[in-house]
Amino acid sequence: MNRPAVEVADILRAQGRRFLDQYQSSLSFQQLKVFRAVQSCRTAMLGGHLDACPKCGHQAISYNSCRNRHCPKCQTQARQRWLAARERELLPTSYFHVVFSVPHELNGLALTNPSLFYNLLFIASAATALAVAADPKHLGADIGMLSILHTWGQNLLLHPHIHCVIPAGGFSLDHTRWIKPRYPFFLPVKVLSRVFRGTFLAALRRLYRHHKVAMCRTQFGTRRLQTVRLPDPFSL
């Protein structure tokens, strides 16, 4: 595999000081720790060791890795092992890629309630796919799925969404036969959207009524965070 022209660590080392001068007050301790780890990964800052060829005598310095789970470099091998394990679990059928996302008006809730918000994304998306698939009008089957959370888009802006990999079909409700989908795209997209929206907002309303949701969002200022009120998300 060829080394990319520019890596995340290169950007952090080149512009990290300028970024921190402006936004450090908005970063949590954990975020700042990840920032520093990626910035110093495989550099002299973490030390290293000298490798030498016993035949030709060539020597080269190998710098230590940060081993942070958020580091793109350090997670390459772990990602490959994870993908290989998932490939061994594949069924002899085709698969569909289904994405569940929320409007950007709710980004403030994701920033101020990350654990609650992302757990809710997993729960609502899984409940939606299982419920619609179990409906005899659409598939009438028990399905399985693999879900992965993405919190940012390709433009590096906050964009919480769930990627789901779902087999093309499922077991009949009595688990005696395999049922194939009757639609070109597994299940009707409009139905999935409507059920997901209702499921997600209903759960959000319950959490709000029990005072478990911080109704504010954060905006990056030049030196500090400004807190403002969110528009009512339940009218969406």
Exercise. Leaving out same-chain residues fewer than 8 places away, which lysines sit with a Cα under 24 Å from that of K33?
Worked result: K73
Exercise. Three principal axis extents, largest first, for the C-alpha atoms of region 3-141, in Å?
Worked result: 70, 46, 24
For this session: Largest first and to the nearest Å, give the Cα extent of region 61-107 along each principal axis.
Result: 45, 40, 12
Problem set entry | Rounded percent of accessible protein surface that carbon and sulfur make up, region 93-161, 1.4 Å probe | 63
For this session: Note down the accessible area of W152, probe 1.4 Å, to the nearest 10 Å².
Result: 130
For this session: Please list E7, E87, E105 in order of solvent-accessible area, largest first, computed with a 1.4 Å probe with all protein chains present.
Result: E87, E105, E7
Exercise. On average over all directions, what projected area in square nanometres does region 118-196 have, based on the convex hull of its Cα atoms?
Worked result: 5.7
For this session: On the full set of protein chains, 1.4 Å probe, figure out the accessible area of H58 and give it in Å² to the nearest 10.
Result: 120
For this session: Could you tell me what fraction of 2.2 N^0.38 Å the Cα radius of gyration of region 1-60 comes to, as a two-decimal ratio?
Result: 1.55
Problem set entry | Accessible area in the full protein assembly, largest first, 1.4 Å probe, for R18, R86, R182 | R18, R182, R86
For this session: Could you rank M145, M45 by how accessible they are, 1.4 Å probe, largest area first?
Result: M45, M145
Seminar exercise, completed: Largest fluctuation, Q24, Q15, Q59 only, Gaussian network model of the chain with Cα springs under 10 angstrom, belongs to Q59
Exercise. Given that compact globular proteins tend to follow 2.2 N^0.38 Å, what is the ratio of the alpha-carbon Rg of the chain to that value?
Worked result: 1.31
Exercise. Tell me, what is the per residue accessible area of the chain in Å², probe radius 1.4 Å?
Worked result: 66
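The values are calculated or read from the model by the stated rules, or taken from the named source; none is laboratory data. Bear in mind the structure is a predicted one, so any value in this text is a computation, not a measurement. SASA here: full protein model, heavy atoms, side chains in, ligands and nucleic acids out. Shrake-Rupley method; radii C 1.70, N 1.55, O 1.52, S 1.80 Å.
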